[in-house]
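The values are calculated or read from the model by the stated rules, or taken from the named source; none is laboratory data. Keep in mind that what you see is a predicted model, and the values were worked out from it rather than measured. Quick reminder, even Gly has a Cβ in these numbers, built from the backbone with ideal geometry, and neighbours come from all protein chains shown.
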Amino acid sequence: MKFKDFELKIDNHFVAMQYYGLILNRTFLILLTTDIVIGIKVNGLVSVESYRSSISNTLAKNMIINGDLQNPYSYIKSKYINKVQDLDLLDGSILTQNKSNFMIKRVDIKSVFYDPKKKWGMGYYPHDGKVYLETFDGTKKELIILGNQSGHKIASLVHHSPKF
């Protein structure tokens, strides 16, 4: 199934941010299929506005989200989506498009946990806590739930396979 053929429904996707390298971040569109959780990078670094200098302001403006911050789709940049339109979601080619993309088989998920506490460093960006995924091999993913989405509901959707 190609990305462009995947119908986004209320119960088969969400938008989340992940911190990495201590202070860096990236944003993902997470797709929930019957057998796999697929993370597609849809934005690079996001920053809170800085008022320290004109140089830092110029750099930060490229990393600031414009639009309705409550709308999770405001965090998605079309240039990332355009790169995956014709890729097959299930054959692993999504992983070769961007090294940040990920695929987790649902049978490999040991636990899913929702933490409603706000993530430090998110500034004025609205978010509904974090959802943690842990696999049987000990890998853990922390996903910050952006905008007006329910982290509790998302954790439940990840834990239980959607029906297609």
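Scanning segment 26-43 for residues that are without any contact (Cβ under 8 Å) to a residue 40 or more places away in the chain and not hydrophobic (A, V, I, L, M, F, W, C) yields a single hit, ASN43.
Within segment 98-124, the set of residues being within 24 Å of PHE3 (Cβ to Cβ) and either more than 16 Å from the chain's Cα centre (by Cα) or free of Cβ contacts under 8 Å to residues at least 24 places away in the same chain (or both) comprises LYS99, LYS105, ARG106, VAL107, ASP108, ILE109.
Checking each residue in segment 60-94 for being surrounded by 13 or more Cβ atoms within 10 Å (Cβ to Cβ) and modelled with pLDDT under 80 picks out ALA60, MET63, ILE64, ILE65, LEU69.
Looking at LYS141, LYS118, LYS130, just one residue is charged (D, E, K, R), part of a loop (DSSP other than H, G, I, E, B) and surrounded by 13 or more Cβ atoms within 10 Å (Cβ to Cβ), and that residue is LYS118. Can LYS119 be described as closer than 23 Å to SER156 by Cβ and either polar (S, T, N, Q) or at pLDDT below 95 (or both)? So LYS119 fits the description; yes. Residues in segment 5-20 that are more than 21 Å from ALA155 (Cβ to Cβ) and surrounded by 13 or more Cβ atoms within 10 Å (Cβ to Cβ): PHE6 only.
Of all the numbered requirements in (1) assigned to a strand (DSSP E or B); (2) within 16 Å of ASN25 (Cα to Cα); (3) of a type in the set (Gly, Ala, Ser), SER111 misses one, and that requirement is (2).
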